[in-house]
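Worksheet: one structure, shown below.
The values are calculated or read from the model by the stated rules, or taken from the named source; none is laboratory data. None of these values were measured; they are calculated from a predicted model. Every residue, glycine as well, gets a Cβ built from its backbone with ideal geometry; the counts of neighbours run over all protein chains shown. Accessible surface areas use protein heavy atoms only, side chains included; no ligands, DNA or RNA. Shrake-Rupley method; radii C 1.70, N 1.55, O 1.52, S 1.80 Å.
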Amino acid sequence: MNETTAALRLRRAITRTRQATRDRAPAGCRPEEADGVRGTFATDGALGFDPFPFLRALHDAGSHAVVIGQVAGIMHGSTELTGDLDLLWDGTPDEARALRAALAACGCTELPDLEREQTGYRVTDACGDLCTPALRWGDLDVTPCLPRAEATRDPEGFTVRYAALDDLIRMRRALGRPKDHRRADELAHLRRMDRTPAERPPAEGGGISPRRA
């Protein structure tokens, strides 16, 4: 895969989000109130959603935070849109300083409590959760997801780190909500299609087709 492919997928998805929500009025539903089926695209978080300024600020601040959730899914080829940006970070003081610098640079007026294993944040045009490996993820230890993360180079000259495909599938399965199973199925399908014919497992009943929300 070209080093810019994942970033370009995300840019195309943000354009689609903008087009799909152009005529949608705010409904008073925040991303943290999203249901377990439709996800945050159905909330007001999708209105004006643009994670790129924050992603660039993370790069400029020297952060090693890893994109997870549906933004990472999109970067691997998922077609489902989203309205928030979730990040996994290591919980260290150095990384906390980098996160605070990036948040402040993007208009965050109330810095989140980074002592917590999971905390929400809001910057201009994006919001989401900042999670450390201390957060319970079902029975899954997500600590190894940090060093295994992949990286993509945005055409504007910054790098974005995002969860590896197999790790993202495991994270989805561990969470187990309806949208997680649906998106894990789609990602698993993408994984199979990415393998060479010799690497692909035998088809069972024609294989699994991606399901849409």
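The table for this structure:
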{"item": "Residues within the range 19-29 that are over 16 Å from Gln70 (Cβ atoms) and surrounded by 13 or more Cβ atoms within 10 Å (Cβ to Cβ), tallied", "result": "1"}
{"item": "Complete set of residues in the range 126-158 that are open to solvent by 80 Å² or more (accessible area, probe 1.4 Å) and not basic (Lys, Arg)", "result": "Asp139, Asp141, Pro147, Pro155, Glu156"}
{"item": "Options Asp50, Asp90; residue that is surrounded by fewer than 20 Cβ atoms within 10 Å (Cβ to Cβ), touching a strand residue (DSSP E or B) at 6+ places or on another chain (Cβ under 8 Å), charged (D, E, K, R) and not in a helix (DSSP H, G or I)", "result": "Asp50"}
{"item": "Residue match in the range 29-46 (condition: among the basic types (Lys, Arg) and assigned to a loop (DSSP other than H, G, I, E, B))", "result": "yes"}
{"item": "Unmet requirement for Trp137, which otherwise passes all of (1) touching a Cys at 6+ places or on another chain (Cβ under 9 Å); (2) at pLDDT 95 or above", "result": "(2)"}
{"item": "Contacts under 8 angstrom Cβ, first residue in the range 143-171 being under 13 Å from Asp90 (Cα atoms), partner among the hydroxyl-bearing types (Ser, Thr, Tyr) and buried (at least 19 other Cβ atoms within 10 Å of the Cβ), 6 or more apart", "result": "Ala149/Tyr162"}
{"item": "Selected residue (only one of Arg177, Arg170 is closer than 19 Å to Thr79 by Cα and at pLDDT below 95)", "result": "Arg177"}
{"item": "Unique residue being closer than 24 Å to Ala42 by Cα and open to solvent by 30 Å² or more (accessible area, probe 1.4 Å) when the list is Arg173, Arg100", "result": "Arg173"}
{"item": "Ile74, sole failed condition from (1) outside any loop (DSSP other than H, G, I, E, B); (2) open to solvent by less than 20 Å² (accessible area, probe 1.4 Å); (3) free of Cβ contacts under 8 Å to residues at least 60 places away in the same chain; (4) more than 19 Å from Leu135 (Cβ to Cβ)", "result": "(3)"}
{"item": "Residue among Ala46, Ala6, Ala61 that alone is closer than 20 Å to Ala105 by Cβ and either under 15 Å from the mean Cα position of the chain (by Cα) or among the hydrophobic types (A, V, I, L, M, F, W, C) (or both)", "result": "Ala61"}
